[in-house]
1. Taking the criterion of being part of a helix (DSSP H, G or I) and at pLDDT below 95, would at least one residue in region 420-442 satisfy it?
2. Which residue pairs have Cβ atoms closer than 8 Å, lie 6 or more positions apart in sequence or on different chains, and pair a first residue in region 360-374 that is over 13 Å from Phe408 (Cα atoms) and in the same structural domain as His309 (by TED's automatic domain parsing) with a second residue that is among the aromatic types (Phe, Trp, Tyr) and within 15 Å of ligand 2 (Cβ to nearest atom)?
3. Can you name the residue in region 457-479 that is at pLDDT 95 or above and more than 10 Å from ligand 1 (Cβ to nearest atom) and, of all such residues, is surrounded by the fewest Cβ atoms within 10 Å (Cβ to Cβ)?
4. Where the second residue is in a loop (DSSP other than H, G, I, E, B) and within 13 Å of ligand 1 (Cβ to nearest atom) and the first is in the same structural domain as Glu448 (by TED's automatic domain parsing) and of a type in the set (Val, Ile, Thr) and lies in region 387-399, which pairs have Cβ atoms under 8 Å and are six or more apart or on separate chains?
5. I want to confirm something. Restricting to region 386-419 and keeping residues that are among the aromatic types (Phe, Trp, Tyr) and part of a strand (DSSP E or B), which single residue is farthest from ligand 1 (Cβ to nearest atom)?
6. State the number of residues belonging to region 461-474 that are more than 17 Å from Ala191 (Cα to Cα) and more than 10 Å from ligand 2 (Cβ to nearest atom).
7. Taking helices (runs of 4 or more DSSP H) that fall entirely within region 260-360, which contain at least 3 residues that are of a type outside the set (A, V, I, L, M, F, W, C) and away from ligand 2 (no atom under 16 Å from the Cβ)?
Amino acid sequence: MAGRTLQGIGVAPGVAAGRAVWLRREAGEVPVRRLGDSEVQAEQERFRAAIDAARLEITALRKRVAADVGQAEAQVFDAHLAFLGDPAYAGEIERKIAADRVNAEAACREVTEATRAMLASLPDEYLAARADDIRDVGGRLMRILQGVAGVDLAHLTEPTVLVADELVPSDLSGLPAHVVGFVTARGSKTAHTAILARTMRLPAVYGLGEAVEAIADGRMLVVDGDAGRVVLDPSEDEVEGVRRDQRAQAELRAQAEARANEPAATQDGRRIEVFANIGKPQDAEAAVAAGADGVGLFRTEFLYLENDHWPTEEEQYDAYRRVLEAFGDKPVIIRTLDIGGDKRLPYAELPVEENPFLGLRAIRYCLAKPEVFRTQIRALLRASVHGNLWIMFPMVESVSEFRAARAFVADCREELTQEGVRMAADVKLGVMVETPAAALTADLLAREVDFFSIGTNDLTQYTLAADRGNADVAHLYDPLHPAVLRLIRMTCDAAENAGIPVGMCGEMAGDAALTELLIGLGLQELSMSSAFVALVKERVRGVDAGRARERADKAAAAETPDAVREVIR
Ligand code: PEP
Ligand code: MG
């Protein structure tokens with residue numbers, strides 16, 4: 001590409017061209033005004049009115065995102081609404097107005113910043129995302145209090161790339177159709193806005209750092225979310241090429257969506273199951289509507305993260321039953337609790353660890369806390385009569401660990417039988433292959449488990465010793481590294497030899513550019529966000545499994561991730 005290139009992190013795939021428009025969200029300097037005693041009550045009332053106005057705005061945004069993007073994505077705004085009613089946040093601002101005798105804007109800025117800093121300092125990706133939420137809510141309140149209108153993009157008509165220091169979820173909702181991509185100085189792949197951008201299918205490049213300042217308002221840009229690059233002042237030919245690709249993509253998508261509910265097989269007749277990853281029971285209906293052949297990963301930790309208490313057996317049973325019923329006789333793979341690592345529970349009393357990703361996480365935690373594990377396994381077994389349940393254990397690193405988990409399930413089954421509870425006779429038990437140890441001993445595990453599902457998000461970080469959430473090593477975190485590909489192949493070969501199903505539920509599975517490679521490596525099932533199901537199915541239909549195998553052999557023999565990309569291009 002001819003223009004100057006800025007390198008960042010691609011957080012949402014695709015390529016788009018448009019003119020830069022800077023999004024400056026801040027309402028500017030926040031005025032500080034001292035209040036007289038008689039003014040305090042009126043100021044508190046003004047603040048409460050701002051809370052009401054913010055609640056209306058956020059509820060409207062939530063509705064719009066639910067309609068345009070999806071229910072699951074709209075739930076980001078539930079956290080915002082919760083802050084508005086939170087005594088430790090909104091209540092604290094009201095108290096501060098009285099205690100410090102200051103105007104609402106000043107109190108709001110101070111409490112927002114203190115809360116944000118407190119959340120951001122916690123070593124936890126989930127809570128760090130709450131820090132973005134609080135900034136979003138605080139910015140909105142200050143804007144309302146100052147009577148400043150939000151950023152108005154509706155007057156623009158040309159394809160537009162939003163440029164910002166950092167984006168918050170509200171920035172991405174209700175955007176006009178001519179917004180074609182996002183570029184920021186800061187942010188990571190796991191930010192809520194990155195997930196939203198992927199779901200909206202708009203390319204995004206984050207993490208340009210100070211280089212973002214080189215992008216002046218109105219400059220032409222190409223955003224390449226696959227390569228994590230931004231091209232400044234591209235030639236007309238480049239822009240036309242990008243637009244042609246976009247039109248072709250849109251046509252492909254329309255065609256894919258028309259056939260989303262049909263099964264997907266390669267040209268030479270190999271059936272590939274395309275499943276959905278879900279995080280909440282209410283995502284199940286959307287996954288069915290998107291054409292998913294089953295659920296490849298239900299991340300049950302959301303049930304735990306959203307509660308302020310251990311979810312009871314009854315609460316869990318209801319959640320699992322809802323998902324199983326939505327899918328009828330199609331497989332639903334429910335993963336047992338994967339807590340620890342980057343996911344912490346305020347009520348779980350997890351130990352403080354030097355290396356939480358290498359610590360008491362996932363199956364290790366569950367085996368160490370039988371009372372927690374028992375509640376979940378009992379709920380799962382009870383729900384098994386409502387559909388086709390497969391239970392999956394996360395982060396297993398040895399045959400002994402799987403055996404312990406299997407024995408635990410047998411114990412719970414025995415207990416429920418004694419109580420006269422009905423259960424499905426055949427509940428499959430499998431493991432996520434997401435540690436190098438599991439992949440390297442896949443042949444041993446394959447003799448004991450009913451199925452494998454490869455978790456490339458963790459497999460990549462553990463194989464390459466590169467933290468999946470650390471922007472400083474994001475350039476090293478690459479699932480196309482030959483080491484990761486070899487482990488995937490090893491796992492698929494072991495599954496094939498043992499005659500058990502092997503799927504993949506890491507982010508990699510939803511990347512349609514990799515579908516041929518994954519089929520060639522031996523995957524039989526791919527599981528992804530519902531938004532990608534139709535497109536991946538369509539890709540499957542264009543693949544010749546024999547040729548895919550040859551290409552995958554070449555890719556697995558390549559020396560570097562870039563060489564792998566060359567092979568599969
Ligand atoms: C994975 O590690 O690839 C995976 C799917 O699990 P999670 O992202 O929930 O750790
Ligand atoms: Mg994982």
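The values are calculated or read from the model by the stated rules, or taken from the named source; none is laboratory data. If you're wondering where the values come from, they're calculated on a predicted model, not measured in any experiment. Reconstructed Cβ throughout: ideal geometry from the backbone, glycine too, with neighbour counts over all protein chains shown.
1. The first filter runs over region 420-442 and keeps only residues part of a helix (DSSP H, G or I), leaving 436-440, 442.
Next cut, at pLDDT below 95 only: none.
There is no residue in region 420-442 that is part of a helix (DSSP H, G or I) and at pLDDT below 95.
2. Close Cβ pairs satisfying both conditions: Ala362/Phe393.
3. Ala465
4. Between residues of region 387-399 that are in the same structural domain as Glu448 (by TED's automatic domain parsing) and of a type in the set (Val, Ile, Thr) and residues that are in a loop (DSSP other than H, G, I, E, B) and within 13 Å of ligand 1 (Cβ to nearest atom), the close pairs are Ile391/Thr336; Val396/Thr435.
5. Step by step, filter region 386-419, then rank; the result is Trp390.
6. So in region 461-474, the residues more than 17 Å from Ala191 (Cα to Cα) come out as 461-466.
Narrowing the set further to residues that are more than 10 Å from ligand 2 (Cβ to nearest atom) leaves 463-466.
Of the residues in that region, 4 qualify.
7. Result: 313-327.
The rows are residues; the columns are (1) within 13 Å of ligand 1 (Cβ to nearest atom); (2) under 23 Å from the mean Cα position of the chain (by Cα).
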| site | (1), (2) |
| --- | --- |
| Phe327 | no, yes |
| Pro331 | no, yes |
| Thr336 | yes, yes |
| Gly341 | yes, yes |
| Pro351 | no, no |
| Glu354 | no, no |
| Arg361 | yes, yes |
| Leu367 | no, no |
